[in-house]
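Nothing in this text is a laboratory measurement; each read-out follows from the coordinates by a stated rule. Since the structure is predicted, the reported quantities are computational estimates derived from the model, not experimental observations. All Cβ positions, glycine included, derive from the backbone under ideal geometry; neighbour counts span all protein chains shown.
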Amino acid sequence: MSCPGSVVAFETSSGQVAVGEVTATVVEIATPGPQGIPGPAGSAAYTTPTTVAALPVSPQGYRAFVTDATTTTFGAAPVGGGTNAVPVYFDGVIWRIG
């Protein structure tokens, strides 16, 4: 599913509803593991890899995965044009590796 700007809602097994806006990333929700607890035994989340230049301006806490970072230094601002695939997060001001 990739519908930027769309709003999606998920109801958990406890009846709580989580709502979010779809961005350029894709999230696949799989069946929960034992006792409904997400984890390697029964669920997975997938983030479509992207480039540093394609990272959106995001709210604090967003995460992504880039494939062209020039460094792998934790906490550094990612710079595109390299060959390193690293996870990144938005700290409210800039994207950082981690």
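Overview of values
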quantity	calculated
In Hz, Karplus ³J(HN,Hα) per residue of region 85-98 (6.51, -1.76, 1.60; θ = phi - 60°; x = Gly, Pro)	9, 9, x, 9, 9, 9, 8, x, 10, 9, 6, 9, 6, x
Amide H partners (placed H, <5 Å) of Thr50, local residues excluded	Phe65, Val66, Thr67
Where labels lie 7 Å past Cα in the beta-carbon direction, separation of Val79 and Phe65 in nm	2.5
Residues with amide H under 5 Å from that of Ala76, placed H, sequence gap 5 or more	Ile97
